[in-house]
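J.: Before anything else, here's the structure in question.
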Amino acid sequence: MESKKGLKEKIEEEFNDLKSYLHILTREKLKLEPYSREKFGNMVDFGGAEGFVQKDMYWVNEPYAFISILFNEEKNEYQYHVVEPQLTAFERMVLETVYENILDTLTIYETSSQTKEEIIENKTIELIDSYSIEIDPKAIYKILYYIKRDYIGYERLDTLMKDPNIEDISCDGSDIPIFVYHRKYHNLKTNISFEANRLDSFVVKLTQRCGKQISIGEPLVNSTLPDGSRLNASLGKEVTFRGSSFTIRKFREHAFTPADLILNGTYSSEILAYLWLAVENSKSMIFAGATAAGKTSSLNSVSLFIPPVAKIVSIEDTHELMLHHTNWIGSVTRESFTKADTVCDIDMYELLRQALRQRPEYIIVGEIRGKEAMTLFQAINTGHTTYSTMHADSVDTVISRLEGDPINIPRVMIQALDILCIQKMIIRGDKRVRRLDSIVEFIGIDPKTQDLRFNELYTWDPKNDIFRNSGKSFVLEDIMVSRNWDEKQLNTELENRKKVLEYMAEKEMDEYEIVALIRSYYADAGKTMKFIRNI
């Protein structure tokens, strides 16, 4: 028989358990107060890095993440430093526990009308509440940041992907710092890296986001992320001996415009007025240059000059072009999903063949480098207006590539091209800038030597950073004849377009305003010019 003392202790123990249970049942559910810096303080703190001074700082995901641009005078080295919330040991333990539990419950909400962010936030708070722990709201906000970053965003790269100043993100292998190309500071080493196992799983996750699969059997992927950024990735040490690697070429949220080209000094308003008139009058052109010379950006900008209702078909390996034309069919290549004979690749050649059957007025090909170039030049020779880019840094290199393997275009077909724009990335002072190096008009074949004849209309003077005009334009002469203009009318048209372009740049218009202004000019040039003059 239990003693009275033992019985009393047992009753007290059961009573305390009941009190705890009733407390759980009756206590209010955890609610997160709206964040306030005044109430909760800063989410992130950064005391700098030894040997470095801070040259620049800007928020990317306020109040959770900012970028600190650091400089080491001794090494003459800049560093791109991502600053995120620091977690205490307790907060990290809660975060890891939420990581373990949240996956089991998220699938239930797949058909919910809530956004992913709302689902994740609600479920995280619900889980933390179920742990019956004392935790302050600031800690919950920090935990929520990392849960959302890793499940919705791009994990450690999320801040880099959100930074509009970044053009490229490069991972060269495991335990090696990620490098970025910054619009202002150029190539920078970051404070981010991946361990081997984490890197492999991250590369797999990136390719899955593209709707692709990567494996040891097929360790290479070239595709497009959901936001439009271009991904090139390799898995393991099959083809890259330093481990998995990837390069992400960031997708610009806004299209490159003629105003951007003028403001950056890449083209002058006079040259763009000439190209505008050429585009309007169905002259075919190619933008050539080395990697990162700005070929696609210029192609996209000049494509905005295409008349508003013209039918356009674009063909790309990865989606980069951003046009604002309603009558536009945008197509991208597709690799086969299996090795079966019944599932074939859809390459640029096949897409271009199909495009010619769609009766387009303008055909835009992202880049020519293979047999699709022959079809493109056949299209030019049969009267289709086409625009494209290619890797070559001079007129001679362009002709050599077009005539040589694997493109093999006969010289007699090359002469049908109207305009060739050569672009370069060069260093001026401590900056890398993109410049149009020259504009060349193709004017036929010399009957004696059989050499291609061309007219170098514009050239860039590197000493003074200005563009020089050689004078006579065969393209403009042809336009003058076909439109039945005299020289005065031609010069008026060029001058009007130049003023419209300078107005765009002066007002720093965005792409939507520029598209509206171009459409307005096509609808009623006189009214548009009157509006600009009266501003």
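The values are calculated or read from the model by the stated rules, or taken from the named source; none is laboratory data. Only a predicted model underlies this, so the values are computations on that prediction, with no experimental measurement involved. Every residue, glycine among them, receives a Cβ derived from its backbone with ideal geometry; neighbour counts consider all protein chains shown. Accessible surface is based on the protein model in full, side chains and every heavy atom, while ligands, DNA and RNA are left aside. Shrake-Rupley method; radii C 1.70, N 1.55, O 1.52, S 1.80 Å.
J.: Step by step: first the residues of the stretch 376-405, then only those that are small (Gly, Ala, Ser) and either in contact with a Lys or Arg (Cβ under 6 Å, 6 or more places away or on another chain) or outside any helix (DSSP H, G or I) (or both), then the one that is surrounded by the most Cβ atoms within 10 Å (Cβ to Cβ). Which residue is that?
T.: SER388
J.: A follow-up question, please. Can you find a residue that is closer than 30 Å to SER193 by Cα, open to solvent by less than 10 Å² (accessible area, probe 1.4 Å) and more than 23 Å from the chain's Cα centre (by Cα) anywhere in the stretch 240-254?
T.: yes
J.: Look at ILE426 and say whether it is under 19 Å from THR318 (Cβ atoms) and either open to solvent by less than 60 Å² (accessible area, probe 1.4 Å) or part of a helix (DSSP H, G or I) (or both).
T.: no
J.: If you scan the stretch 162-208, which residues turn out to be part of a helix (DSSP H, G or I), open to solvent by 40 Å² or more (accessible area, probe 1.4 Å) and either more than 20 Å from ASN232 (Cβ to Cβ) or in contact with a Gly (Cβ under 7 Å, 6 or more places away or on another chain) (or both)?
T.: Result: LYS162, ALA196, ASN197, ASP200.
J.: State all residues of the stretch 501-520 that are among the acidic types (Asp, Glu) and open to solvent by 30 Å² or more (accessible area, probe 1.4 Å); if no residue qualifies, say none.
T.: GLU502, GLU506, GLU508, ASP510, GLU513
J.: Among (1) touching a residue at least 60 places away in the same chain (Cβ under 8 Å); (2) surrounded by fewer than 19 Cβ atoms within 10 Å (Cβ to Cβ); (3) not hydroxyl-bearing (Ser, Thr, Tyr), which single condition is ASP418 missing?
T.: Of everything listed in (1) touching a residue at least 60 places away in the same chain (Cβ under 8 Å); (2) surrounded by fewer than 19 Cβ atoms within 10 Å (Cβ to Cβ); (3) not hydroxyl-bearing (Ser, Thr, Tyr), ASP418 misses just condition (2).
J.: Of the residues GLU126, GLU33, GLU28, only one is more than 32 Å from the chain's Cα centre (by Cα), outside any strand (DSSP E or B) and modelled with pLDDT of 85 or more; which?
T.: None of the other options fit; the residue is GLU126.
J.: Could you check the stretch 410-456 and list, in sequence order, the residues that are of a type in the set (Gly, Ala, Ser) and in contact with a strand residue (DSSP E or B) (Cβ under 6 Å, 6 or more places away or on another chain)?
T.: The answer is SER438, GLY444.
J.: Let me ask something additional. Are there any helices (runs of 4 or more DSSP H) wholly within the stretch 468-526 with 2 or more residues that are over 32 Å from the mean Cα position of the chain (by Cα), and if so which?
T.: 474-482, 487-506
J.: Sticking with this structure for a sec: Evaluate the following for VAL94: is it surrounded by 19 or more Cβ atoms within 10 Å (Cβ to Cβ) and either in a strand (DSSP E or B) or of a type in the set (Gly, Ala, Ser) (or both)?
T.: For VAL94, the condition - surrounded by 19 or more Cβ atoms within 10 Å (Cβ to Cβ) and either in a strand (DSSP E or B) or of a type in the set (Gly, Ala, Ser) (or both) - is not met.
J.: Determine, yes or no, whether TYR99 is over 17 Å from ASP158 (Cβ atoms), of a type outside the set (A, V, I, L, M, F, W, C), open to solvent by less than 100 Å² (accessible area, probe 1.4 Å) and touching a residue at least 24 places away in the same chain (Cβ under 8 Å).
T.: It is false that TYR99 is over 17 Å from ASP158 (Cβ atoms), of a type outside the set (A, V, I, L, M, F, W, C), open to solvent by less than 100 Å² (accessible area, probe 1.4 Å) and touching a residue at least 24 places away in the same chain (Cβ under 8 Å).
J.: Considering only the stretch 48-69, state which residues are within 20 Å of PRO34 (Cα to Cα) and not in a strand (DSSP E or B).
T.: Across the stretch 48-69, the qualifying residues are GLU62, PRO63, TYR64.
J.: If you scan the stretch 343-375, which residues turn out to be open to solvent by 20 Å² or more (accessible area, probe 1.4 Å), part of a helix (DSSP H, G or I) and polar (S, T, N, Q)?
T.: Correct list: GLN354 only.
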